[in-house]
Amino acid sequence: MASAPAWPPKAAARFSTRAVHAAASASAPEPVALPMAERDASMDRKAAPDQTVAAFPHADQQALMPAQDDSAPRLETLRKRPDFLSAARARRQPVGSFLLQARLRDDGDTTIRVGFTCSKKVGNAVARNRAKRRLREIARLTLPGLGQPGWDYVLIGRRDATAERPFELLRKDLEYALRKIHGAAR
């Protein structure tokens, strides 16, 4: 007795890769060229009011943005384990919401490098990522002004404190820690 095929031949043909690709290209819409007058008119229309203004009331303030001049040192992110270990052996300044580790590199490079880490003590992945997002933002806003060229900084998040502390206080914590680190360096 011969067994029946697992898929009927017509059904198998519908799910073959060749058939799927042919169906996808056949269903793709053709681009439509608009006359110039219609294209210009569509660009002049005002967009719907932005809903993010209510959610982020300080998003449009220039005071929170760092200076974007060419004299400000560039920021790079630490990614290699030896860089984190070197920073762990150097200066450290604990503040209420995180721990700052800093070291002077002797490689002649003027970029400011910064790393972020949160252990599992901070919480689950969602809590760790939220804490690191907040640390990244305060570093982006503060380090170009107060960080020293040629230094590596590592910000280590703390359980509850990093995620729950008000943003302005978190930023002031970093400013305080940088002043303490560089005050001790001189």
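What the table below lists for this structure:
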{"read-out": "Options Ala102, Ala163, Ala127; residue that is in contact (Cβ under 8 Å) with a residue 12 or more places away in the chain, among the hydrophobic types (A, V, I, L, M, F, W, C) and under 18 Å from Leu78 (Cβ atoms)", "value": "Ala102"}
{"read-out": "Given (1) in a helix (DSSP H, G or I); (2) closer than 20 Å to Arg103 by Cα; (3) of a type outside the set (Lys, Arg), index of the condition Ala131 fails", "value": "(2)"}
{"read-out": "Residue in segment 166-184 that is touching a helix residue (DSSP H, G or I) at 6+ places or on another chain (Cβ under 7 Å) and not in a helix (DSSP H, G or I) present", "value": "no"}
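The numbers here are math on the coordinates, done by the rules we state, and not lab data. Computed from a predicted structure; not experimentally measured. All Cβ positions, even for glycine, are placed from backbone atoms using ideal geometry, and neighbour counts span all protein chains on display.
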